[in-house]
Amino acid sequence: MTDPAAALRAIHVELDAIFELARELVVAGDGHHAARALAAYRALTARHAADEEALLLPHLPADARWPAGLYVGQHGKLLAGIDRAADVVAAVAAPAPRWRAMALCALDALIPVLHLAEHHHAAEEQALFPAVPAAALAAVVAAWPADLAAHADALAACRAALAGVPSPP
């Protein structure tokens, strides 16, 4: 059996890769697919956060490094940040006039999400995962494949769109 904490860290890596896909599509000027990748990232983040709140946080000991409210608050801030960035990301459209300026605005809107996700994942990996039973961690891991599969077509379309962007010489 795979170590459930390691499997949860791998889920965080997958989430990070989806977020990076959205940012790369912004850089390519494809706001449509960037918004689609960001929507998948948001849905997967929301589902993963709900699973953590339902399955992990009830097991968090009273003397844990950080209280459950910290994780719940970070989940809310992360989702709100994604929501704030979504319209700016969708507005990027090459070769429209000033599309590069719009791309920079979109990347700027995504920076707080990136930083919060990095800090949040680190907090979970360092303090939450070691504090709760492995069976609870495994329950969150078990939910992930179906959640990810629900967005497979959208993510495949986004990756295909990015693959079609010519690389600079």
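Specify which of the listed residues (59, 119, 48) is at negative phi and in contact with a Pro (Cβ under 8 Å, 6 or more places away or on another chain). After applying the criteria, what remains is 59.
Within the stretch 8-35, the set of residues being buried (at least 22 other Cβ atoms within 10 Å of the Cβ) and more than 22 Å from residue 92 (Cβ to Cβ) comprises just one member, 8. If you check 110, 25 for being more than 30 Å from residue 136 (Cβ to Cβ) and in contact with a His (Cβ under 7 Å, 6 or more places away or on another chain), only one passes: 25.
I'd like the full set of residues that are over 16 Å from residue 33 (Cα atoms) and either buried (at least 19 other Cβ atoms within 10 Å of the Cβ) or of a type in the set (D, E, K, R) (or both), limited to the stretch 84-99.
Once the filter is applied, which keeps residues that are over 16 Å from residue 33 (Cα atoms) and either buried (at least 19 other Cβ atoms within 10 Å of the Cβ) or of a type in the set (D, E, K, R) (or both), the stretch 84-99 yields 84, 98.
Condition check ((1) touching a helix residue (DSSP H, G or I) at 6+ places or on another chain (Cβ under 7 Å); (2) of a type outside the set (Lys, Arg)) across all residues:
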{"residue": "17", "(1), (2)": "no, yes"}
{"residue": "20", "(1), (2)": "no, yes"}
{"residue": "24", "(1), (2)": "yes, yes"}
{"residue": "28", "(1), (2)": "yes, yes"}
{"residue": "36", "(1), (2)": "yes, no"}
{"residue": "56", "(1), (2)": "yes, yes"}
{"residue": "59", "(1), (2)": "yes, yes"}
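Every test in (1) closer than 19 Å to residue 21 by Cα; (2) assigned to a helix (DSSP H, G or I); (3) small (Gly, Ala, Ser) is passed by residue 76 save one, and that test is (1).
In summary, residue 147 fulfils each of the numbered conditions (1) in contact with a helix residue (DSSP H, G or I) (Cβ under 6 Å, 6 or more places away or on another chain); (2) closer than 30 Å to residue 61 by Cα; (3) without any contact (Cβ under 8 Å) to a residue 24 or more places away in the chain with the single exception of condition (3).
Taking the stretch 66-83 as the range and being closer than 12 Å to residue 132 by Cβ and in contact (Cβ under 8 Å) with a residue 40 or more places away in the chain as the test, only 71 passes.
The rows are residues; the columns are (1) aromatic (Phe, Trp, Tyr); (2) free of Cβ contacts under 8 Å to residues at least 60 places away in the same chain; (3) more than 14 Å from residue 120 (Cα to Cα).
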position	(1), (2), (3)
5	no, no, yes
9	no, no, no
16	no, no, no
26	no, no, yes
35	no, yes, yes
41	yes, yes, yes
54	no, yes, yes
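Considering the stretch 1-51, the residues that are at pLDDT 95 or above and among the hydroxyl-bearing types (Ser, Thr, Tyr) include one that is nearest to residue 167 (Cα to Cα), namely 41. One residue stands out among those in the stretch 1-48 that are outside any helix (DSSP H, G or I) and hydrophobic (A, V, I, L, M, F, W, C): the one that is farthest from residue 158 (Cα to Cα), which is 1.
When 103, 160, 109 are checked against the criterion of being modelled with pLDDT of 95 or more, of a type outside the set (S, T, N, Q), part of a helix (DSSP H, G or I) and surrounded by fewer than 12 Cβ atoms within 10 Å (Cβ to Cβ), 160 stands alone in meeting it.
The values are calculated or read from the model by the stated rules, or taken from the named source; none is laboratory data. Remember, predicted model here, so these are calculated numbers, not experimental data. Every residue, glycine as well, gets a Cβ built from its backbone with ideal geometry; the counts of neighbours run over all protein chains shown.
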